[in-house]
Amino acid sequence: MQEVIQHHLRIMGLADHSKILILSNPDLSEAAQVLEGVTFGKVCVALQPTKLFAAVFKVVRIERGERPPESFILNAKLNAFAKFNLRTLHSADAFYHVEGTPVVLNQHGQAIWLWLPIGQGGILFIGSDLPNDLIRYRQGDPLRVGERPLETLWGIPGERPNYLFDEQLGGQHPVNRHADCWAMVLASYLAESLEKPLNHILPNGAAGAVVITGDDDQAYLEKYDEQLKLLRGTPITYLLHHLTRHSRETLFRIQRQNPMVDFGIHPDALKSPKQYGKLFEQQIAWYRSLTGEQPISLRNHGFLNNGYWGHLEDWLRHKICISSNLPGFDGKVLNSSLLPARMAWRETLTHHWSVLTVIGDGVRFAAGMSDEDAAEGVRNVADGIRQSGIPGVMVLNLHPQNVSETRAMHYAAVEIIRSGFVAWNLRQCWEWFAKIDQSYTQVSEIEGEWTDLVSRL
């Protein structure tokens, strides 16, 4: 759980953890170590500490019987994020100390997060289940797997992962970024306590980034040419279907036309979802034969999911580094985040990153929007990022086959980029955040760790 917190702190710009000690459920045996560290300037993040640990520092832990979900507020005196929507999906305890500073409070004014200065440092007592809130918001509720809907979604057959998220987001505004808010509050408070400013999340402090993808879906090759002309050199990742009309020569040609074109894979198991693993392996081999390269990015044809991230193990086995397989569809922030993060799986933080597809041209067809209304939806996503106070990445999926019906959406994307948003393809997005995470920028460098992880699956 400490690793999940450290990962999110790096994403939010807090790179130096040398003076931060993160402990899950610390007990009496760890109190002496913490006291020594904070006395000489360290900051301890105590995640749901025991009563005995708290008592050593004369902090009272108050066990509460509130049923989640529950909303909290940030101490308005602390920083610019006081209006963030802080909502937990798990039970949370409160703390009290006469000299403590409430950081996050419940509706009764009790401190769910409490800062206690000690010596040159201090302890941040956290009564909410922050690591599991981050994982649950980003990855959905595994207990919902047994409640898979039988009806189709958006008129397309096949399971979608949306049902893992819908209940936990019930009654919330569709653009709330609960995961990002929690992570930013923690990072910003620790940065203030250590007197270390946060690094920029995006290059040059940009407010947002646009990642354009295009699902191949056997599009006519002239549609690719039409789309690339509209995008005017904008980066794009084309996710190739195994029945694509492309050859190696035509792929080279469009990369000459736009050097910022990147390719990923668009696995298709819609007709035989139970054969996903076998079909994926075959399609990986096909992709390598076509491109001469290993794919690092994907989105399933139809956003297939197989329960609670049931396809993740196949992605890990074949070293897929990033997926955009969660569908926001019309701007809804399904996973409460507009930033990529690594997947937590079987108590391990994997090297596979997930990022939301927040909007796509499906709104033109499945939702019946006009091109102009869909373009306004794209602009609204960008405006929401600007207004949120947290930089975000908007993945916009524009099928090349639909280019004639989505010109206004393309123009809106280019307009947003010209306004100051970073323009990326999926590979560039992954490379940036992997570097921020002090992770890896080359697939070849992670061979050993991939092998070790897969051996434990």
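The values are calculated or read from the model by the stated rules, or taken from the named source; none is laboratory data. Everything numeric here is computed off the predicted structure, so don't read it as measured data. As a convention, Cβ positions derive from the backbone with ideal geometry for all residues, glycine included, and neighbour counts pool all protein chains shown. Ligands, DNA and RNA are stripped out before the accessible areas are found, and what is left, the full protein with its side chains, is counted by its heavy atoms. Shrake-Rupley method; radii C 1.70, N 1.55, O 1.52, S 1.80 Å.
Within the stretch 312-326, the set of residues being of a type outside the set (D, E, K, R) and farther than 17 Å from I135 by Cα comprises W315, L316, H318, I320, C321. Being open to solvent by less than 20 Å² (accessible area, probe 1.4 Å) and either under 30 Å from S24 (Cβ atoms) or touching a residue at least 12 places away in the same chain (Cβ under 8 Å) (or both): is that true of A375 here? Considered against the rule, which asks whether it is open to solvent by less than 20 Å² (accessible area, probe 1.4 Å) and either under 30 Å from S24 (Cβ atoms) or touching a residue at least 12 places away in the same chain (Cβ under 8 Å) (or both), A375 comes out as yes.
Taking the stretch 324-411 and the strands (runs of 3 or more DSSP E) fully enclosed by it, the elements with 3 or more residues that are farther than 30 Å from A82 by Cα and at pLDDT 95 or above are at 348-360. Only one of the listed residues (L279, L270, L239) is of a type outside the set (D, E, K, R), outside any helix (DSSP H, G or I) and farther than 27 Å from A423 by Cα. That residue is L270. Restricting N75, N85, N79 to those that are at pLDDT below 95 and touching a Cys at 6+ places or on another chain (Cβ under 9 Å) reduces the list to N85. In a residue-by-residue description of the stretch 65-83, the property of being small (G, A, S) and within 12 Å of F125 (Cα to Cα) applies to no position. Looking at the stretch 1-60, what helices (runs of 4 or more DSSP H) fall wholly within it and have at least 2 residues that are hydrophobic (A, V, I, L, M, F, W, C) and open to solvent by 60 Å² or more (accessible area, probe 1.4 Å)? Qualifying helices (runs of 4 or more DSSP H): 31-39, 51-56. Considering only the stretch 411-424, state which residues are more than 24 Å from the chain's Cα centre (by Cα) and either open to solvent by less than 30 Å² (accessible area, probe 1.4 Å) or of a type in the set (K, R) (or both). Hit for the stretch 411-424 is R418, nothing else.
Considering each residue of the stretch 243-254 in turn, at least one proves to be under 24 Å from D314 (Cα atoms) and either at pLDDT below 95 or open to solvent by 10 Å² or more (accessible area, probe 1.4 Å) (or both).
Considering the stretch 70-135, the qualifying strands (runs of 3 or more DSSP E), each wholly inside and each with 1 or more residues that are open to solvent by 30 Å² or more (accessible area, probe 1.4 Å) and at negative phi, run over 70-74, 94-96, 101-105, 111-118. Helices (runs of 4 or more DSSP H) fully within the stretch 154-236 that include at least 3 residues being touching a helix residue (DSSP H, G or I) at 6+ places or on another chain (Cβ under 7 Å), at pLDDT 95 or above and open to solvent by 10 Å² or more (accessible area, probe 1.4 Å): 221-231.
Condition check: without any contact (Cβ under 8 Å) to a residue 24 or more places away in the chain and of a type in the set (G, A, S). Does A55 satisfy that? In short, yes. Screening the stretch 255-267 for residues that are open to solvent by less than 20 Å² (accessible area, probe 1.4 Å) and not in a loop (DSSP other than H, G, I, E, B) and picking the one that is farthest from H318 (Cα to Cα) gives V261. Please go through (1) free of Cβ contacts under 8 Å to residues at least 12 places away in the same chain; (2) within 21 Å of the chain's Cα centre (by Cα) for N325 and return the number of the only condition it doesn't satisfy. The single condition N325 does not satisfy is (1).
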